[in-house]
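Chemist: Take this structure, written in structure tokens, and hold onto it; I'll ask about it next.
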Amino acid sequence: MTSSTAPTVVHTRAPGKINVFLAVGDLHDDGYHELATAYQAVSLYEDVRARHADGFSVRVTGGPGVDVAGVPTDGTNLAVRAARLLASTTGYRGGVDLHIDKAVPVAGGMGGGSADAAATLLACDALWQTGLSRDDLLHLSAELGADVPFAFAGGTAVGTGRGDELSPALAKGHFQWVLALADFGLSTPTVYRELDEHRRRHHGDISPVRQPVVDTAVLQALRAGDPGMLAEAVHNDLQAPALHLEPGLGDVIELGERNGALAGIVSGSGPTVAFLAPDLDGALELQIALSAARLTVVRATGPVHGARVVAD
Ligand code: C5P
């Protein structure tokens with residue numbers, strides 16, 4: 001039942017992310033690895049519009065460069081799972097009709113699905129007037145995936161455990177990113193498996209995995225708002241396995257670094273490559289150079305806010 005003041009449609013938005021640092025530790029029995037990561041939310045947003053319905057349904061559209069063909073629209077869609085989780089948690093008896101408009105590349109390593117889930121939790125909470133607090137929703141979001149709490153929280157944060165135990169990190173100013181989108185996706189579990197296999201094959205000659213920690217140099221660079229310092233400190237343990245699976249990504253990184261990027265890094269499990277630019281002019285020049293090489297590129301800044309209601 002909805003009261004006469006209840007909204008008929010709720011529009012929310014949640015950001016994609018870049019892992020500016022990602023160290024992968026041991027694989028646990030639950031299939032997840034111990035992580036230490038520094039997340040930055042960036043200005044590519046997933047927009048969710050939620051309307052009352054008896055059942056649960058989702059329609060997905062994509063902005064420029066975002067191919068949504070591979071996104072499921074059945075009960076396996078993470079946004080539908082988020083809505084169902086909120087309904088079962090709160091005892092809400094109705095459903096929702098969701099429309100997701102995606103700007104974050106699909107299967108790109110930027111947490112687009114996680115942002116859909118975070119935005120959906122917030123949208124359904126407002127639509128159904130369940131009255132949960134932001135903290136309750138943040139807590140619930142961890143049940144949907146390792147990156148969902150960060151998509152909900154936004155900003156800049158350190159993630160430990162599966163990546164879902166967040167502590168905010170201080171960050172000054174804004175960083176300018178240029179993102180090279182691939183025309184293919186990479187499966188996150190496949191990239192983690194490739195890392196595990198590499199570690200198994202080379203266990204004699206690489207040092208054993210220890211408790212992963214975020215380098216203090218990364219935190220200092222974020223605090224200082226200094227892109228040069230951050231470029232020196234960015235790191236991603238998933239980059240080598242992503243490059244092993246898709247060697248062409250190495251050429252993309254090289255091309256960006258030859259054209260003024262301070263650093264190029266595979267974002268999360270890839271295949272999106274995130275280039276850190278020195279400033280806005282540098283980002284624009286890099287965008288032109290990469291576009292001339294026929295890459296699909298978008299610019300983004302970070303950090304930005306987490307999941308929010310949008311007033312239309
Ligand atoms: O939590 P999420 O569904 O985003 O994770 C997708 C997959 O990524 C997991 O099933 C797992 O294979 C891998 N993963 C991992 N360790 C983490 C996070 C994700 O191995 N900390």
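The values are calculated or read from the model by the stated rules, or taken from the named source; none is laboratory data. Just so it is clear, the structure is predicted and the values come from calculations on it, not from any experiment. Positions of Cβ are generated from backbone atoms using ideal geometry, with glycine treated the same way; all protein chains shown enter the neighbour counts. Remember, those area values only see protein heavy atoms, side chains included, never the ligands or the DNA or RNA. Shrake-Rupley method; radii C 1.70, N 1.55, O 1.52, S 1.80 Å.
Chemist: Quick check: Cα centre of region 253-312 to Cα centre of region 180-241, how many Å?
Modeler: 18
Chemist: Roll a 1.4 angstrom probe over the protein heavy atoms and tell me the percent of accessible area of the chain that is carbon or sulfur.
Modeler: Carbon and sulfur: 50 percent of the exposed surface of the chain.
Chemist: If contacts are Cα pairs under 8 angstrom and at least 6 residues apart, what is the relative contact order of region 1-117 in percent?
Modeler: 30
Chemist: How large are Rg and Dmax for region 30-163 when only the alpha carbon atoms are used, in Å?
Modeler: So, for region 30-163, Rg and Dmax equal 14.3, 41 Å respectively.
Chemist: Putting +1 on Lys and Arg Cβ atoms and -1 on Asp and Glu Cβ atoms, find which of Gly108, Asn259, Gly155 reaches farthest to the positive end of the dipole of the chain.
Modeler: About the Cα centre, the residue reaching furthest to the positive side is Gly155.
Chemist: Starting from the Cα coordinates of the chain, work out the convex hull volume and express it per residue in Å³.
Modeler: 130
Chemist: Helix 188-201 sits at what angle to the longest principal axis of the chain, using alpha carbons and giving 0 to 90 degrees rounded to 10?
Modeler: Between the helix axis and the principal axis of the chain, the angle is about 40 degrees.
Chemist: Note the angle between two axes, namely the Cα long axis of helix 248-258 and the longest principal axis of the Cα atoms of the chain, as a number of degrees from 0 to 90, rounded to the nearest 10.
Modeler: Tilt relative to the chain: about 70 degrees.
Chemist: In debye, nearest 20: dipole of region 175-302 around its Cα centre with unit charges on the Cβ of K, R (+) and D, E (-)?
Modeler: Its charge dipole is roughly 300 debye.
Chemist: Next question, about the same structure. Between Thr89, Thr120, Thr73, find the one with the highest GNM mean-square fluctuation for the chain; connect C-alpha pairs within less than 10 Å.
Modeler: The residue that fluctuates most here is Thr89.
Chemist: Can you find, among Tyr45, Leu35, Ala221, the residue farthest towards the positive end of the dipole of the chain? Put +1 on the C-beta of Lys and Arg, -1 on that of Asp and Glu.
Modeler: It is Tyr45, whose Cα lies furthest towards the positive end.
Chemist: Further, regarding this structure: Please list the three semi-axes, largest first and in whole Å, of the ellipsoid equivalent to region 1-82, using sqrt of 5 times the eigenvalues of its alpha carbon gyration tensor.
Modeler: Working through the eigenvalues yields semi-axes of 31, 18, 15 Å.
Chemist: For n ≥ 4 DSSP H runs only, could you compute -39500 (n - 2.57) per run for the chain, divide by its residues and tell me the 222 nm figure to the nearest 500?
Modeler: Roughly -10000 deg cm²/dmol at 222 nm, from the helical runs in the chain.
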